[in-house]
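Some notes on the structure that comes next.
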Amino acid sequence: MIGISPQKLSTTARKAFANAGWVFFDRIFRMATALLVGVWSARYLGPAQFGLLNFANVFPTVLTSLAGLGLANILITEIVRKGEYSENQLLGTGFILRLIAGTVSLFIITVCVRILYSDQPVLQAMILFTSSVLVCQSVDVIDLHFQSRVKSRLSVTAKSIAFVLSTVLRVYFLANQFSLLAFSSIVFVEAALSALILIVIYNREEGQHVLQWRFDRALALRLLQMAWPIMIADFFIFLYMRSDQFLLKELATDLELGKYTAALRLSEVWYFIATAITSSFYPSIVKLKNQDEDAFQRAFRKLLALLSFISILIAVFISFSAPFLTQLLYGQQYSGADRILIIHIWSAVFVFTGVGSSYWFILHNKQRILLIKTIAGAFLNILLNLVLVPDYGAIGASVATLLAYIMSSYLMNYFVKEARPVFFVQSAAFVDAFKVNFIRSLLKKDE
C-alpha cells in the first residue's frame, strides 16, 4: 500500500478545519441574524401563523432529496477520483439531472397542494413559493465542485450575499407589516439569488464557464444507478424530520405546532456543523481509502469522535440554557417550548454521527443498507408520532424523533451484519469523545 506521511495527514486535517471554518462563519452569521430577525418574525406572527409559515416549508423539504437525486456525495467522490469522465461532464450531467428532478418535484407538489388544501388558496401559494427552491438547487453542483476542491469560501461568499439581501427584504416586510404570503416568497428570492451568484463566481474564479458543461447519457445512467438508494434514503430522512410537523398540525393544534417549530429552530440550527466538518474531511478520506486502509480507518474514527464530542457539548449546553433561551427569544406566548427543546436537542448527537457514518456506506458501495436503515427509522418515527402526539403533543413528537434517530443512526448498525463495523467505530468514537485532551489527540501526528 502507499503510505500517507503523518505530517501530511496532520496538515490535511488542519486544511479541512480551515475549509469547515468558512462554512462555520456562514452559518454562525446566519444564526446570529436569524435569531434577531427570526425572533422578530415569531413575535410579530404569533405561534399559530409562525407555525403555518414553517409548515409551508415541509413539502419542499421532504422532496429536496428527490430533487437532489442523492447525487451530492457521489459527484464529489467522482470528481476527487478523477475517473474516466471529465469534471465538465460530471457537473453538466449532474446539473441537468437535478434540474429535471427539481421541476418534476415542483409539479408533484403543485398537484398535491391543490388537492389537499383546495379551500386554502393562501397556504397553496405559500407552499409553491417555498417549493421553488427545488428548481434553483440544481445550480448547487457548483457548490459540490468547490467542496471537492476544499474551497468552501467561494460557496459561502455566494450564499452569504444572497442571505444578506433576502434578510434586508425580510426586515422591510416586518417593518411595514406585510402579509404571511409575502414572507414565504423570500425563500424563493434567496434561492434564486444564491444560484445566480454561484454561477458568476464559478465563471470568474475558476477560469471555466457553465456553458462548457456537457451532458452525457451513459454517465447519467451510471450516476442514477449509484445514487438511487441514497436518494430514497435522503427522502425518508426528510420524511421523518418533517412528518412530526405534519402530524402535529393534523393531530394536535397550530399552537403546539408553533411551539414545536420554535424549539426546532434552536435545535436543528446546529446540524450544519456535522455537514460542514464531514464534507471538509471527505475529499481527504476518499484519497486515504484508495491508498491506505489503516490510515482511512483511523481518520474515520477520528471524524466520528469529533462529531460526537461537538454534538454532546451542544446538547449539554442547550439542555441547561433552554428555559432562559426560549423565554428571552420567544417570550411567554411560547411557554413550554423549553421542555420540547431539552428533549429534541439530544437527537443532534445521533444526527451528527449518522451524517459522518453515511460516508462509510458510500465508500464501501453499501448504499442499500443506508436505505434500509433510513426507511426503518422513518416508519418508527411516524408510528411513534401517531401514538404519542394525540396525548402529549409537541413533547411526544420530540420523544418520537429522538428514539427514531437512536435506532436508525446507531443501534440498527449492530443488527445489520454488514453495518456492524460502523456500530463498533461509533461506539469507540463515543468513548474517544470523553477522553482528556481530545482535540489535541485529533490533530497530533499519527505514530
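Every read-out reported here was derived from the displayed coordinates using simple, explicitly stated rules and does not represent laboratory data. Since this is a predicted model, take the numbers as computed values, not measurements. Heads up, the Cβs are rebuilt from the backbone with ideal geometry, glycines too, and the neighbour counts pull from every protein chain shown.
Observations, loosely collected:
- Using equal-weight Cα scatterers in the Debye expression, the normalised intensity of region 58-165 in log10 at q = 0.15, 0.19, 0.21, 0.23 Å⁻¹ is -0.70, -0.96, -1.07, -1.18.
- Prolate/oblate/rounded label for region 357-432 (Cα gyration tensor, a/c 1.5): prolate
- Computing FRET efficiency as 1/(1 + (r/R0)^6) for Q327 and A125, where r is the C-beta to C-beta distance and R0 is 35 Å, gives about 0.55.
- Distance between the modelled labels on V168 and N203, one decimal in nanometres: 2.2 nm (7 Å Cα→Cβ projection).
- Overall form of region 289-432 per C-alpha gyration tensor (a/c, 1.5; a/b vs b/c): oblate
- Inter-label distance, nm, simple model (7 Å from Cα along the C-beta direction), E293/R114: 5.6 nm
- Extension gain for N365-F320 works out to 12.1 nm (0.36 nm per residue, less the C-alpha to C-alpha distance).
- Around A428: net Lys/Arg minus Asp/Glu count, Cβ-Cβ under 12 Å: +3
- Cleavage-rule hits (chymotrypsin sites (Phe, Trp or Tyr not before Pro)) in region 145-214: DSSP loop, at most 12 neighbouring Cβ within 10 angstrom: none
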